[in-house]
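Read-outs throughout are calculated quantities, based only on the coordinates presented, and are distinct from any laboratory measurement. No experiment lies behind these values; they were computed from the predicted model shown. Using ideal geometry, Cβ is built from the backbone for each residue, glycine included, and neighbour counts are taken over all protein chains shown.
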């Protein structure tokens, strides 16, 4: 077997082996008592509970509720983050003016706002989780937008002005193409943060969604189901991330000039 | 002409490298790529040997096999009688790219003494050896600077000082002056000659610069095109001490230079041809060493501080 | 519209009054303070004498900060929070760097563990809380564990990336000078990977802070998160806002501390990249 063949087969077998070993460990350990079975159900039971939920059609409603909150949070975040980010990145005046508020709000752990949000919006309805998600998602997008606009080639910008391009034309031919890769990265980062925060809000406060399902399973002692739901949340996050990466590749294919720059940046 | 002088320090080891029928095949890609084949060579103790060859020939591969950094596929390398399976204690290397071979997180004296620390040399001796070697390359007073605070030439001097402080009996240099400008290169060449003459080391220098090879060498070894073997060995009888101006004015210099050049040129045109797909996968520079690792890891990731987990939690 | 306009954009910006502001030191300070001052004033003005539960007077909020957090709750809540945070964070950093180095150096191990690590890191860190609560109960230990469990992933994964991207040439140089595997790791690989590792540590810091707070909001009797939630439950709106501000300040200080430490330790990196003056 040549090195190349060995490498190819290893690339498939090793990951598989890793997964199998971990699954086997978490299947056997509870059964033989190494891990307390009460709190550590065997993996097969966890997947069984998850399958039951899916079969009973009870998984989709919470997922939809979570995704609905997530989308709204992303929308609000975009509306705030992109203009503010552009203001920050476009000029020194903008950067200096906005710097302190942004830098003060940024390190606040979003979850610290939960009590204030409960106070303002109450624990019913989705306003709380949307606000939470929007807050956290604003920052990555904001910074990416500011990097994007700062990256506009000044010579190109002056050329566009010199040739009398109207604002809309400048936007389309100059600003947007430059900003697009940054916005794509920003969306990907923000989406992950927003999803996590939305689910967190659901879990802590009991707002309808995947997070609340985890909470109710936990309170009811239905631990298999609880773990299953946590896994589902992880898979949801992965799915969102993969989806956005695919979308990002698609959108950026239209901009070959950005491609070369991306070669070194995105794996 | 003997390279021995009165007053030469007696070394416990003579710095003799015996390379016997060494071959190296890389196994990336569908077929193994034979980089070097049947290289046989032996150094004279205390000589300054230069190795040249056409572009793409396995000069660097050869050096890595010789130094024990990479196992040869067949053949054997002996250093002072012992087989080389890993880098020998009394062999020191100087790499072409000083910015990657000097450690930017340590100052100059830290860089120079690191090999000595690993070798168990006591602190007082380490400090003294470092001081002496830095002085001999003209870097006295720069001990506590960081490599990136020095010019390219000075960084390469530091790398040479590090090698010298290690007290080797043979010094291997891989295109050491290729990354500096011509003026600095001339200075460094003369520095090398000075150090060589004073320390009575054996020196093996790989270069693509023919002038440099002839100027420095006692013997010039010309390698063939890929798969590389020794094409010919040209003795260089020019008088020592050598001088950048007078030596290079000599007709003998021009003859030797032309002879070496012709030899290489014949190799380049005579069917070295375009590098095969295997060669493309194994660039003949030191970053290609990834291909020679036992685990077959061939990817060379570019350092990218923004990659990795980019999920930002606020 | 002549070509002479090209390049004048920058000059034009500097020539305006706004551009002038950015050029002077005082001008820059004024600009930076402008918005924050305006916001604080706006808050103060709109909340003056307010009796609304949702929008307490700013003076009340500040008062509650002063009375609650200086220095009562400082000892009973702030310190325990920070202690748990520090323990959890440094546990995560230690394990993350150690495991990350191992995985980064052994390609086979990396391939085998890759799917599992990718999956576990996709789990929202706050959802690690139910897992830890169910298995370890509530208490200081479980809080430290949940903080560590969440913060370890960015550190680990970035360490793997950093270790893998260490220049092979530098490692070969170390080998050529007879440095054994341990010395190579300590003197070459870890320092070489440290820029990427610090990226992971910074992300891990944010995760650790989040988990510190969350873990105190669920089944806890003390801590920053607990206090703020408790204020809200007790209808102490001024205390709620005040608590959030205190958390914000803590977050600011922790982050600033991290940046300062990073700047000192990674000075060589900026220098080698030409971002320092000599």
Given the -39500 (n - 2.57) contribution per DSSP H run of 4+ residues, what per-residue ellipticity at 222 nm results for chain C, rounded to the nearest 500 deg cm²/dmol? -24500 deg cm²/dmol
Set the Förster distance to 51 Å, then compute FRET efficiency between residue B:254 and residue B:86 from the Cβ-Cβ distance, nearest 0.05. 0.75
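Nearest 0.05, what FRET efficiency do residue A:58 and residue A:90 give at R0 = 56 Å with Cβ-Cβ as r?
On the way: r = 49 Å, r/R0 = 0.87.
Once rounded, the FRET efficiency stands at 0.70.
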Mean residue ellipticity (222 nm) of chain A, computed from DSSP H runs ≥ 4 via -39,500 (n - 2.57), nearest 500: -27000 deg cm²/dmol
Before anything else, pin down the relative contact order of the range B:33-106: Cα pairs under 8 Å, at least 6 apart, normalised by residue count, whole percent. 21 percent
Taking the Cα-to-Cβ direction at residue B:190 and at residue B:246 and moving 7 Å from each Cα, how far apart do the two end points lie in nm? 1.3 nm
Cα convex hull of the range C:140-278: mean projected area in nm², to one decimal? 11.0 nm²
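Explain nothing, just the number: relative contact order of chain C, from Cα pairs under 8 Å at least 6 residues apart, as a whole percent. List each step's numbers first, then the result.
Working: 256 pairs, mean separation 58.6, N = 278.
Answer for chain C is 21 percent.
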Per 0.36 nm of contour for each residue apart, how much would the distance between residue C:74 and residue C:270 grow if the chain were fully extended, relative to their Cα-Cα spacing? 66.8 nm
Testing the spin-label approximation: label points 7 Å from Cα along Cα→Cβ at residue C:263 and residue B:232. State their distance in nm. 6.4 nm
What residues of the range B:32-67 lie in the reach of a label at residue B:25, counting those whose backbone N is under 11 Å from a point 7 Å from the Cα along Cα→Cβ? B:32-35
Expected unfolding gain across residue C:119-residue C:98 under the 0.36 nm per residue rule, minus the alpha-carbon gap, is 5.6 nm
Distance in Å, no decimals, from the C-alpha centre of the range A:157-171 to the one of the range C:202-233 is 50 Å
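Which FRET efficiency, nearest 0.05, do residue A:12 and residue A:250 yield, Cβ-Cβ r, R0 25 Å?
Details: r = 27 Å, r/R0 = 1.08.
The value I calculate is 0.40.
Among B:161-167, A:234-240, C:24-30, what's the highest-first ranking by average C-beta atoms within 10 angstrom per residue?
The densest-packed peptide leads the list: B:161-167, A:234-240, C:24-30.
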How far apart, in nm, are the 7 Å Cα→Cβ label points at residue C:59 and residue A:67? 5.2 nm
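Return a whole-number percent for the relative contact order of the range A:117-267, with Cα pairs under 8 Å and 6 or more residues apart as the contact set. Show your work: numbers first, answer last.
Numbers: 142 pairs, mean separation 38.3, N = 151.
Computed over the range A:117-267, the figure is 25 percent.
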Can you sort C:117, C:51 by how many other beta carbons sit within 10 Å, fewest first? C:51, C:117
Quick one: what does P(r) look like for the protein assembly as shown with 10 Å bins over all Cα pairs, in whole %? 2, 10, 18, 19, 17, 15, 11, 6, 2, 0, 0
Mean Cβ count within 10 Å, highest first, over the residues of peptides B:180-187, C:137-144: C:137-144, B:180-187
Per-residue counts of other Cβ atoms within 10 Å, averaged by peptide: what ranking do you get for C:161-168, A:102-109, A:117-124, highest first? C:161-168, A:102-109, A:117-124
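Rg/Rh for the range A:78-188: what does it come to with C-alpha atoms and Rh from Kirkwood? Can you show the working numbers first?
Working: Rg = 17.0 Å, Rh = 15.5 Å.
Looking at the range A:78-188, the ratio lands at 1.10.
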